[in-house]
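What follows is a short report on a single structure.
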Amino acid sequence: MAFATRVVFGNRVVPPKELLAVVDGTGQAMFDASVSAKMSASAKAGTLLTTAPEGLALPSGCRMGASNSAASRAACAGILVCVARAGLGVRAEVAEWLCNSLNAGAAPQLPEAGALGEDASFDATSASSVSAAIAAAAAAGLEGGLTADEWTVICSSHGAAAGIAAVAGSAARELAVAADVAAALSVEAGRLGNDVATDVDSATVTAGRAASSSALRTLTMASSRIGAGPATGAAEVHGAARDEALAGERAARLEVNAGPEAAAPNAPAGGKKGGKKGGKGKPQALALAPRPAASLAASCRAIVASAAELLDGAAFRRGLVAGAAAGAAAAAEPVAPIRVPMGASAASQACVAAALHALAAVQSAVAAVAAEAASSAAALDTDEAEAVAAAAVKEAARQARAAEFAAADAERKAKEAERVAAMSDKEREAYEVAKAKAAEKAARKAAAKKGGAAAAGAGAAGAVNPAGVGRGLFELRLRLLAERPCPAATTPAEAAAAGAGAGTAPSLSEAEWRALLPLGAASPALPASGRLAAMATQCVQAVGAAGADAKIAKGTRDYGPQEMRVREPVFAAIRSVFKRHGAVEIDTPVFEHRDTLTGKYGEEGAKLIYHLADQGGQLLSLRYDLTVPFARFVASHGLDKIKRFHIARVYRRDQPQMTRGRYREFYQCDFDIAGSHALMVPDAEVISVACEILGSLPIGDFQFKLNHRGVLDGCLELAGVPSGKVRTVCSSIDKLDKEPWADVREELVGEKGVSPDVADAIGRLVQRRGEPMALLAELESTSVFSGSDKATSALAELRVLFGYLEALGCLHRISLDLSLARGLDYYSGVIYEAVLLDGAVAVGSIAAGGRYDSLVGMFSASGAKVPCVGVSIGIERVFAIVEAKARAADAATKALSRPPVDVFVAAAGGGVPLVERLRLCKELWAAGVRAETPFKEKLERRWLENALEAGYPYMCLLGESELAEGKVTVKDIANTEQVTVDRADLVATLSRFGVPVDAMEAASRARELAGEGPGAKEAVAASAAGEA
């Protein structure tokens, strides 16, 4: 039961298992000489006392002895951490004595029955006895006793409370994992409904819920026993228990590692003044800074809540399996809540009581889970025995039928032999060929049937699964029973049962299940180290990996060679347009700090951000788009002007619609202009770039819907929408392209709290769209927005923009649409999105963007604004259209199924070795020709036939004569033209035939940039001379 963090012994950092493994008795605590030296150096000289100093009351009869109490040993472990801190005045001998006592299995034995967590009732007196007993035992066990400082450090209840709480939290976390096994047993035994197949991708699902759902799904994988019975809700209950236990354990770990600190000189601590010497024989007391009790108490509350969830769930499922009503299912005692007096003077003692209470709650839950596992496993044993008996009867009947069939088959074969003997040689030869084919087909069919049956009914080592339980659960039961020694057989029947195999062996008893759970006592049948949580985790991982369906995550897809052949030229076309407009390419990390992304995408977008788990203290999230990272990039690098493009993947936790190009992982192609420029010129170029890209792709006719946030805000202002509701109203208006106004109005009134009159006013204003110049003139002439300065200014900007778009030849693509809202919070000016006018493929918007002048300032320490405008091409939706058209055309052209190379290099005859074909390929590759050859030393005729069928446009043949004369035969397969040329003229001949030759410009450019290309050194020298 080791911590998942590190523990400090003085100034030495050690793995936690060296500390808390002693609680389970599975390891030894260690203490080296360097820590001893530091502790001894910091220890203060003082009188050794065998009894407690004045003011420390101790219970009578305390001593160290053999103890299996987890609470007592955990308290010792926690105190060991406290005393091993340099600066508290504790000698190394004290820590070593505690360490050796724990390793020897000793712990304090207290006279109070309830002091060590045997029940759920504690008071401050019994709590104080835990650490006081350890101090008294240490004084008795060490020669001369303890100093006053050592008495004070050990008797401070912080170490004992933190140690107990940490062990309780660790036990609760492991029990939540083990409880999944008990729940799976109950589902199988009671043939209950499987409620773990729900979508765990929802934004509300916690890490614990996802882990429990995955474990239960794997344990019951391929089960034939899942029925239509009542659902257990185990995934939800255990998920909550996992989360609460983990939170409690983490808080307790922090308290263990924090430990007590010496108070400042002459500062009050614990209600007493430090630094004052007593009379003769009364040593000075060490003043310890009090630690707040709130954190440790909250940790204990979370652990108790986790234990209560597990206990109630186990009792409920036992009732379901037994057929009892849900109300009568809970047979276990409920766990009482913890109430700790935060402001009391005895708060530290109360924390010990709370920790003991938490540990007792976990022990109660352990008993409930063990009882559930034992009863459900016993029910499965009964079903397995019945299944084995039924299988035996069925096997006997099968053998009888087989004997009858064998006799009939022998008779049939005899008659068949007589008929074959009467055949002619030609008839007999045809008969033998047909018989061989039939036998081969029958063998394949039998092998497939046998393999499927073996996969369905076998587990590890070919064991039979007679009851048909889930793969994961069956594998785990085999592992558990494999570690359990066979009981001594007293009768032949018992011996036969013991040797019948793991599949029919009796299940573990309740005591054996309890020994496998956290805090369980060692069992003679199973080793103490065989913890169920660890075994379950290993089994789930192994079975999950072996039984995985090779599925990909929801909302993602694989791209095969044919898809990539479509995507590559589209990406190239987009990148070419970006570069023609003078943009430079950048890239940013795929994840950002969470604060960078949150608060930028509106109430709908915020729900779709993928948040990563805590990464060593950093809260990170996957990027939602490329715009916010670009704004952060501009601020981070102090840029005031840049025209950039970025092609990369982004991630959204949306509901995917794969056929419409909506994924959770997808590419965006962004083009943005940052910096102060003439009014609306950058906006016009950005829209022009998008029109140029979409117009160059085979997607059909499209249109840009365009609006201005100033116009939209003016509409809402004139309609009477309060300023605090503008953004949430915008998110509803943004749905008008998918929903009718009646539905949007209902949402505004029913969910957003907008009055009906205001909603009607909004509808009258925003439901206007049309040709840009005509609608703009109408809005200006009717003075609709005369009451809004913001809207009037926006209309003036739109008039300037439309003039530039007309000059750029893009205005015919624009529709002014006052309902366009774009639900992202960072837009501040013009907004637009492109939609297809051809309804053959419904994919939604294919490009969108707008102006965002304030976003960069959010990341700048000075708040300086950098005006920006950009557009993002929804490339996945474009690909959905292009791929559909390409596949339709491929039926006739076979363009997608052709080989990715232009030249197939083959050998004419068997005298040309593979090395010569590779040498010729190297010459072609060096010249930029795409070529390949089979990796076979000798090419059979079928290779040439396959090359012709595959669709290679050209072929280079090397024969023995060509090789000797330095020539190559080139074949233009489509035109059936063939010519033999000198090897030196091969590339020129291929080029004349139409083979594309890539002169590897990219590689040459890379060498040139690195100063290694042709003329690069001269250029560098000339530049240096010019600078001089």
By residue number, the members of the stretch 794-818 that are of a type in the set (Asp, Glu), crowded, with 18+ Cβ neighbours inside 10 Å and assigned to a helix (DSSP H, G or I) are GLU797
One residue is enough: does the stretch 597-611 have a residue meeting the conditions in contact with a helix residue (DSSP H, G or I) (Cβ under 9 Å, 6 or more places away or on another chain), assigned by TED's automatic domain parsing to the domain that holds SER872, free of Cβ contacts under 8 Å to residues at least 60 places away in the same chain and in a loop (DSSP other than H, G, I, E, B)? yes
Test result for ALA511, modelled with pLDDT of 50 or more and either more than 32 Å from the chain's Cα centre (by Cα) or part of a strand (DSSP E or B) (or both): yes
Looking only at the stretch 886-908, count how many residues are loosely packed, with under 11 Cβ neighbours inside 10 Å and closer than 22 Å to LEU920 by Cα. 1
Determine, yes or no, whether ALA161 is under 16 Å from ALA368 (Cβ atoms), surrounded by 24 or more Cβ atoms within 10 Å (Cβ to Cβ) and modelled with pLDDT of 70 or more. no
Could you list all residues from the stretch 569-622 that are within 30 Å of PRO900 (Cα to Cα) and hydroxyl-bearing (Ser, Thr, Tyr)? SER576
Identify all residues within the stretch 777-793 that are touching a Leu at 6+ places or on another chain (Cβ under 7 Å), in a helix (DSSP H, G or I) and crowded, with 18+ Cβ neighbours inside 10 Å; write none if there are none. LEU779
LEU706 in a strand (DSSP E or B), buried (at least 19 other Cβ atoms within 10 Å of the Cβ) and either in contact with a Ser or Thr (Cβ under 7 Å, 6 or more places away or on another chain) or not acidic (Asp, Glu) (or both): yes
Reported set for the stretch 677-703 where residues are under 14 Å from GLY829 (Cα atoms) and assigned to a loop (DSSP other than H, G, I, E, B) is LEU679, MET680
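Yes/no per residue for (1) within 35 Å of the chain's Cα centre (by Cα); (2) assigned by TED's automatic domain parsing to the domain that holds PRO682; (3) over 29 Å from VAL566 (Cα atoms):
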| residue | (1), (2), (3) |
| --- | --- |
| MET858 | yes, no, yes |
| ALA861 | yes, no, yes |
| GLY874 | yes, yes, no |
| GLY928 | no, no, no |
| ALA931 | no, no, no |
| LYS936 | no, no, yes |
Name the residues in the stretch 205-231 that are within 16 Å of the chain's Cα centre (by Cα), among the hydrophobic types (A, V, I, L, M, F, W, C) and modelled with pLDDT under 85, would you? VAL205, ALA207, ALA210
From the list SER202, SER170, which residue is modelled with pLDDT under 80 and among the polar types (S, T, N, Q)? SER202
Is there any pair with a first residue in the stretch 975-991 that is under 20 Å from SER961 (Cα atoms) and a second that is in a helix (DSSP H, G or I) whose Cβ atoms are under 6 Å apart and which are 6 or more apart or on different chains, and what are they? VAL981/THR989
What are the residues in the stretch 968-994 that are among the polar types (S, T, N, Q), under 15 Å from GLY928 (Cβ atoms) and touching a strand residue (DSSP E or B) at 6+ places or on another chain (Cβ under 7 Å), if any? THR989
Residue that is modelled with the highest pLDDT, among those in the stretch 716-742 that are surrounded by fewer than 13 Cβ atoms within 10 Å (Cβ to Cβ) and not in a loop (DSSP other than H, G, I, E, B): ALA742
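The rows are residues; the columns are (1) outside any loop (DSSP other than H, G, I, E, B); (2) under 27 Å from the mean Cα position of the chain (by Cα).
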{"site": "ALA138", "(1), (2)": "yes, no"}
{"site": "GLU143", "(1), (2)": "no, no"}
{"site": "ILE154", "(1), (2)": "yes, no"}
{"site": "ALA160", "(1), (2)": "yes, no"}
{"site": "ALA166", "(1), (2)": "yes, yes"}
{"site": "VAL187", "(1), (2)": "yes, yes"}
Checking THR659 against (1) surrounded by fewer than 18 Cβ atoms within 10 Å (Cβ to Cβ); (2) within 20 Å of SER845 (Cβ to Cβ); (3) modelled with pLDDT of 85 or more; (4) of a type in the set (S, T, N, Q), the condition it does not meet: (3)
Checking THR980 against (1) assigned to a helix (DSSP H, G or I); (2) modelled with pLDDT of 60 or more; (3) surrounded by 14 or more Cβ atoms within 10 Å (Cβ to Cβ), only one condition comes out false. Which one? (1)
Any residue at all in the stretch 750-761 that is in contact (Cβ under 8 Å) with a residue 60 or more places away in the chain and not in a loop (DSSP other than H, G, I, E, B)? no
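The values are calculated or read from the model by the stated rules, or taken from the named source; none is laboratory data. All figures in this text were calculated on a predicted structure; none of them were measured in a lab. Every residue, glycine among them, receives a Cβ derived from its backbone with ideal geometry; neighbour counts consider all protein chains shown.
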